[in-house]
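Novice: After the structure tokens below, expect a handful of questions from me.
Please treat every number below as a calculation from the coordinates, not as lab data. Remember, it's a predicted structure, so these values are computed and weren't measured experimentally. Don't worry about glycine lacking a Cβ; one is built from the backbone with ideal geometry, like all the others, and counts go over all protein chains shown.
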Amino acid sequence: MIVTKQRTLSIVKPDATKRNLTGSVVAMLEAGGLSVVAQRRVRLSEAQARAFYAVHKDRPFYEALVAFMTSEPVVVQVLEGEDAVKKNREIMGATDPKEADEGTIRAALGMSLEANSVHGSDSPENAEKEIAFFFAGCELLD
Ligand code: ADP
Ligand code: MG
């Protein structure tokens, strides 16, 4: 069988970095079979947060989401593995921690629907766009 590696964009959100849970999040991603191939801790500007979540700009939670994502540093990272986009979403769990399956990051660490500890790209197409949003090609290993 040919195993095709895929990459996805992951963010450790402010609620997790603030509680010193970056390592806990990464450990769960690694235990699930994903590898970190690029990683940077950054305080998002308002403009960056608005642009990154532009798809949600007409949703009622958009302004609060932008404020939350700029409230503390985040860790942006590229994950690699087989079926990485889907696998990352599985390891993350449902958007609302109350609805997330046991053993997922959001069930274990999430605080609320907004402060749910992690972001993950939702499709291979968006993964490519989101990786390019945060990382230059020269920062990514082959
Ligand atoms: P996901 O992060 O699971 O892909 P969405 O793309 O729908 O979820 O939403 C992006 C982020 O916006 C969520 O992770 C969460 O932080 C926040 N969010 C989503 N829906 C709500 C909501 N109804 N109220 C507050 N925040 C929300
Ligand atoms: Mg999403």
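Novice: Select from the stretch 1-42 the residues that are among the hydrophobic types (A, V, I, L, M, F, W, C), surrounded by 17 or more Cβ atoms within 10 Å (Cβ to Cβ), within 21 Å of Ser123 (Cα to Cα) and in contact (Cβ under 8 Å) with a residue 60 or more places away in the chain and list them in ascending order. Steps first, please.
Specialist: Quick first cut of the stretch 1-42, residues among the hydrophobic types (A, V, I, L, M, F, W, C) only: 1-3, 9, 11-12, 16, 21, 25-29, 31, 34, 36-38, 42.
With the extra rule that they be surrounded by 17 or more Cβ atoms within 10 Å (Cβ to Cβ), the set shrinks to 9, 11-12, 16, 21, 25-26, 28-29, 34, 37-38.
Cutting the leftovers down to within 21 Å of Ser123 (Cα to Cα) gives us 9, 11-12, 25-26, 28-29, 34, 37-38.
Within the stretch 1-42, Leu9, Ile11, Val12, Val25, Met28, Leu29, Val37, Ala38 qualify.
Novice: Being more than 26 Å from Lys5 (Cβ to Cβ) and either without any contact (Cβ under 8 Å) to a residue 12 or more places away in the chain or touching a helix residue (DSSP H, G or I) at 6+ places or on another chain (Cβ under 9 Å) (or both): is that true of Leu79 here? If you could, list the steps in order and put the result at the bottom.
Specialist: Numbers: more than 26 Å from Lys5 (Cβ to Cβ): no; either without any contact (Cβ under 8 Å) to a residue 12 or more places away in the chain or touching a helix residue (DSSP H, G or I) at 6+ places or on another chain (Cβ under 9 Å) (or both): yes.
Considered against the rule, which asks whether it is more than 26 Å from Lys5 (Cβ to Cβ) and either without any contact (Cβ under 8 Å) to a residue 12 or more places away in the chain or touching a helix residue (DSSP H, G or I) at 6+ places or on another chain (Cβ under 9 Å) (or both), Leu79 comes out as no.
Novice: Now for a separate question. Would you pick out the residues in the stretch 116-130 that are surrounded by fewer than 22 Cβ atoms within 10 Å (Cβ to Cβ) and either part of a strand (DSSP E or B) or within 8 Å of the chain's Cα centre (by Cα) (or both)?
Specialist: Listed by number, the list holds a single entry, His119.
Novice: Shifting gears a bit: Before we move on, is Ala107 exposed (fewer than 13 other Cβ atoms within 10 Å of the Cβ) and not in a loop (DSSP other than H, G, I, E, B)?
Specialist: Working: exposed (fewer than 13 other Cβ atoms within 10 Å of the Cβ): no; not in a loop (DSSP other than H, G, I, E, B): yes.
Answer is no for this residue.
Novice: Counting just the residues of the stretch 100-114 that are within 15 Å of ligand 2 (Cβ to nearest atom) and among the aliphatic types (A, V, I, L, M), which one comes out farthest from Val74 (Cα to Cα)?
Specialist: Ala100
Novice: Scan the stretch 52-60 and give yes if some residue there is in a strand (DSSP E or B) and under 17 Å from Val78 (Cβ atoms), otherwise no. Even if it seems obvious, please write down each step before you answer.
Specialist: Going residue by residue through the stretch 52-60, those that are in a strand (DSSP E or B) are none.
There is no residue in the stretch 52-60 that is in a strand (DSSP E or B) and under 17 Å from Val78 (Cβ atoms).
Novice: Take Ala115 and decide whether it is touching a helix residue (DSSP H, G or I) at 6+ places or on another chain (Cβ under 9 Å), touching a residue at least 40 places away in the same chain (Cβ under 8 Å) and away from ligand 1 (no atom under 11 Å from the Cβ).
Specialist: no
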